[in-house]
1. Consider segment 1-23. How many of its residues are surrounded by fewer than 10 Cβ atoms within 10 Å (Cβ to Cβ), of a type in the set (A, V, I, L, M) and in a helix (DSSP H, G or I)?
Amino acid sequence: MTTSALVMMALSIGILWGGLAWAILRLRKHPDVSGVDDEA
């Protein structure tokens, strides 16, 4: 693999895992509880 391919692969992996980590941390701080009240 060329250097540019490795850089692009590392960048895309970082964006994907970073987005997943950000989403998990955001849901921990602000859980989505809008569906809980609809069951009553």
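The values are calculated or read from the model by the stated rules, or taken from the named source; none is laboratory data. Everything numeric here is computed off the predicted structure, so don't read it as measured data. Don't worry about glycine lacking a Cβ; one is built from the backbone with ideal geometry, like all the others, and counts go over all protein chains shown.
1. Going through segment 1-23 one residue at a time, the tally reaches 1.
Quick grid of which residues meet (1) of a type in the set (A, V, I, L, M); (2) at pLDDT 95 or above:
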{"position": "2", "(1), (2)": "no, yes"}
{"position": "6", "(1), (2)": "yes, yes"}
{"position": "20", "(1), (2)": "yes, yes"}
{"position": "23", "(1), (2)": "yes, no"}
{"position": "26", "(1), (2)": "no, no"}
{"position": "29", "(1), (2)": "no, no"}
{"position": "33", "(1), (2)": "yes, no"}
{"position": "38", "(1), (2)": "no, no"}
